[in-house]
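Beneath this line is the structure, given in structure tokens, with notes to follow.
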Amino acid sequence: MAKFVLIGSGLAGGLLAAYLGRRGYDVDLYERRADPREGNIVGGRSINLAISTRGIHALEQIGIGDEALEHAIPMRGRMIHQKSGALHLSPYDVDPKKCINSIGRAALNTTVIEAAQRYPNIRVHFNHKCSGVDLQSAVAHLETSNGPVSARGDAVIGVDGAFSAVRKSMQSEIDNFQYDESYLAHGYKELTIPPGPDGSWRMEKNALHIWPRKSFMMIALPNPDGSFTCTLFWEFEGPCSFATTKTDNDVRRFFEEEFPDAVPLMPTLVEDFWNNPTGSLVTIRCAPWFYRDKVCLVGDAAHAVVPFYGQGMNAAFEDCVVLDECLQKFPQNRERAFAEYFRRRKENADALANLAIGNFIEMRDKTASKTFRAKKKLDHALEAALPGIYLPLYTMVTFTRMPYAKAAKRAQIQDSMVYAGLFLLAAISVAAILWLFASCSHAPVGRSAI
């Protein structure tokens with residue numbers, strides 16, 4: 001069997017190693033950070049994970065679905081926090097059993113790494129930072145505390161995130177390699193709502209909380225210990241932004257004005273704001289994702305997306321499923337397997353990137369509006385009335401395994417039909433009113449017009 005060198009033992013790296021181990025491949029998995037099971041998780045820079053159908057399916061295929069979800073918290077809808085303090089729960093789906101799950105990154109990372117290490121043909125090496133890859137020979141160059149080392153395999157797979165060293169080597173060595181990265185004008189900052197004195201959740205546990213404020217927003221996801229991890233998405237620059245917030249009073253004034261119901265729940269707000277770094281939000285598109293039968297990219301290394309559909313991890317896990325299927329389909333032709341994987345995933349990764357940016361606009365601008373909530377209710381009513389025929393976009397993306405591109409196209413067609421139907425109903429209503437008015441106007445005096 002072939003030997004794979006995997007770079008990056010994050011969520012997708014650990015899962016892919018388990019898939020390859022199950023197939024009998026020899027795998028060396030290298031990670032630049034220390035072993036997360038030893039408590040080496042860097043805090044203060046997290047957007048909580050929301051795992052849904054695609055990601056759960058990927059875990060179930062390797063037999064660790066129940067184990068991974070043991071400490072997950074189901075979230076059945078968005079809890080919208082208005083400035084007035086009013087709350088509105090917007091369910092994700094007409095079926096209350098359909099929910100997304102808040103899950104801790106550290107616990108899930110540990111689960112997938114341990115799943116990989118159950119196979120004797122998998123070896124995991126921490127504190128090995130990849131500095132580059134020789135594409136022709138499938139050799140990864142690594143830096144360790146004891147000096148540089150090299151790892152040779154039949155193929156190298158980059159699962160090393162948005163700023164992938166493997167992809168960087170492809171950019172420099174492959175002619176006409178296509179690469180595009182685009183940043184939002186917004187950054188993000190992690191904040192915390194601690195548990196209550198008795199360890200309870202101080203807001204609705206089974207919801208994703210959103211404070212939509214037009215050009216910016218804050219979200220909060222529940223954790224098993226009763227806390228919430230909050231994330232502020234705010235402009236880097238502008239009259240009211242990260243750049244103009246310079247003092248403790250600036251921080252307090254901004255939050256008291258914009259998120260008044262959250263401030264009493266955040267005793268370490270000012271400390272968290274200054275101590276936690278401000279992260280950037282990047283979308284990365286590139287092509288191709290492979291070089292011959294020697295190198296391949298998976299997850300954020302191939303297609304980083306902004307986090308607003310909660311699908312980044314789910315899409316990366318789905319990559320693992322598809323690559324595994326392609327390697328099974330073409331066991332003697334790895335280059336063809338890589339090419340088939342790229343063909344199946346590229347269009348869908350690009351569609352997800354667009355959907356994620358669109359959902360940011362929806363979450364920050366629209367979720368507080370009555371018109372938006374009415375549209376969501378109409379979606380759910382149509383879904384209930386036409387089961388299996390009408391599916392809202394969010395349902396297709398989050399609660400099915402329909403390809404992202406197909407879901408986006410189907411949603412466009414459905415919306416066109418709904419709006420055309422509403423326009424037709426409006427036109428008929430107007431015509432009926434005009435006819436009734438005309439009939440009344442010409443009715444004989446003294447006789448009823450009806």
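Observations, loosely collected:
- GLU257 vs. criteria surrounded by fewer than 17 Cβ atoms within 10 Å (Cβ to Cβ), within 25 Å of PHE308 (Cβ to Cβ) and of a type outside the set (Gly, Ala, Ser): yes
- In the stretch 86-105, residue nearest to the chain's Cα centre (by Cα) [restricted to those that are closer than 30 Å to PHE255 by Cα and open to solvent by 40 Å² or more (accessible area, probe 1.4 Å)]: ARG105
- A count restricted to the stretch 261-276 and to residues that are crowded, with 16+ Cβ neighbours inside 10 Å, more than 24 Å from the chain's Cα centre (by Cα) and assigned to a helix (DSSP H, G or I) stands at 3.
- Extreme residue, nearest to the chain's Cα centre (by Cα), among residues of the stretch 68-85 that are over 18 Å from LYS214 (Cα atoms) and open to solvent by 70 Å² or more (accessible area, probe 1.4 Å): ARG76
- Some residue of the stretch 395-403 being in contact (Cβ under 8 Å) with a residue 24 or more places away in the chain, among the polar types (S, T, N, Q) and open to solvent by less than 20 Å² (accessible area, probe 1.4 Å): yes
- Total residues in the stretch 380-394, condition crowded, with 19+ Cβ neighbours inside 10 Å and in contact with a Ser or Thr (Cβ under 8 Å, 6 or more places away or on another chain): 1
- Checked against (1) under 26 Å from TYR19 (Cβ atoms); (2) open to solvent by less than 20 Å² (accessible area, probe 1.4 Å); (3) part of a strand (DSSP E or B), THR111 passes all but condition (3).
- Test: residue in the stretch 277-290 that is open to solvent by less than 10 Å² (accessible area, probe 1.4 Å) and either in a helix (DSSP H, G or I) or touching a Pro at 6+ places or on another chain (Cβ under 7 Å) (or both): no
- In the stretch 43-55, residue modelled with the lowest pLDDT [restricted to those that are in contact with a helix residue (DSSP H, G or I) (Cβ under 6 Å, 6 or more places away or on another chain) and either open to solvent by 50 Å² or more (accessible area, probe 1.4 Å) or outside any loop (DSSP other than H, G, I, E, B) (or both)]: LEU49
- Residue among LEU191, LEU221 that alone is more than 27 Å from GLU67 (Cα to Cα) and aliphatic (A, V, I, L, M): LEU191
- Within the stretch 301-358, being out of contact with any strand residue (DSSP E or B) (no Cβ under 8 Å at 6 or more places or on another chain), among the basic types (Lys, Arg) and open to solvent by 40 Å² or more (accessible area, probe 1.4 Å) holds for LYS329, ARG336, ARG343, ARG344.
- A single entry from PHE372, PHE330, PHE342, PHE399 fulfils the requirement of being over 30 Å from PHE290 (Cβ atoms), of a type outside the set (Lys, Arg) and modelled with pLDDT of 95 or more: PHE399.
- Residues (out of contact with any strand residue (DSSP E or B) (no Cβ under 6 Å at 6 or more places or on another chain), among the aliphatic types (A, V, I, L, M) and touching a residue at least 40 places away in the same chain (Cβ under 8 Å)) located in the stretch 364-376: none
- Scanning the stretch 145-188 for residues that are touching a residue at least 24 places away in the same chain (Cβ under 8 Å), open to solvent by 80 Å² or more (accessible area, probe 1.4 Å) and not in a strand (DSSP E or B) yields a total of 2.
- Cβ-Cβ under 6 Å pairs, at least 6 apart or on other chains, the stretch 118-138 side open to solvent by 60 Å² or more (accessible area, probe 1.4 Å), far side of a type in the set (Lys, Arg): LYS129/ARG32
The values are calculated or read from the model by the stated rules, or taken from the named source; none is laboratory data. What you see is a predicted model, and the numbers here were worked out from it, not measured in a lab. Methodologically, a virtual Cβ is constructed for each residue, glycine included, from the backbone with ideal geometry; neighbour enumeration extends over all protein chains shown. Please note that ligands, DNA and RNA were not included when accessible areas were found on the heavy atoms of the full protein model with its side chains. Shrake-Rupley method; radii C 1.70, N 1.55, O 1.52, S 1.80 Å.
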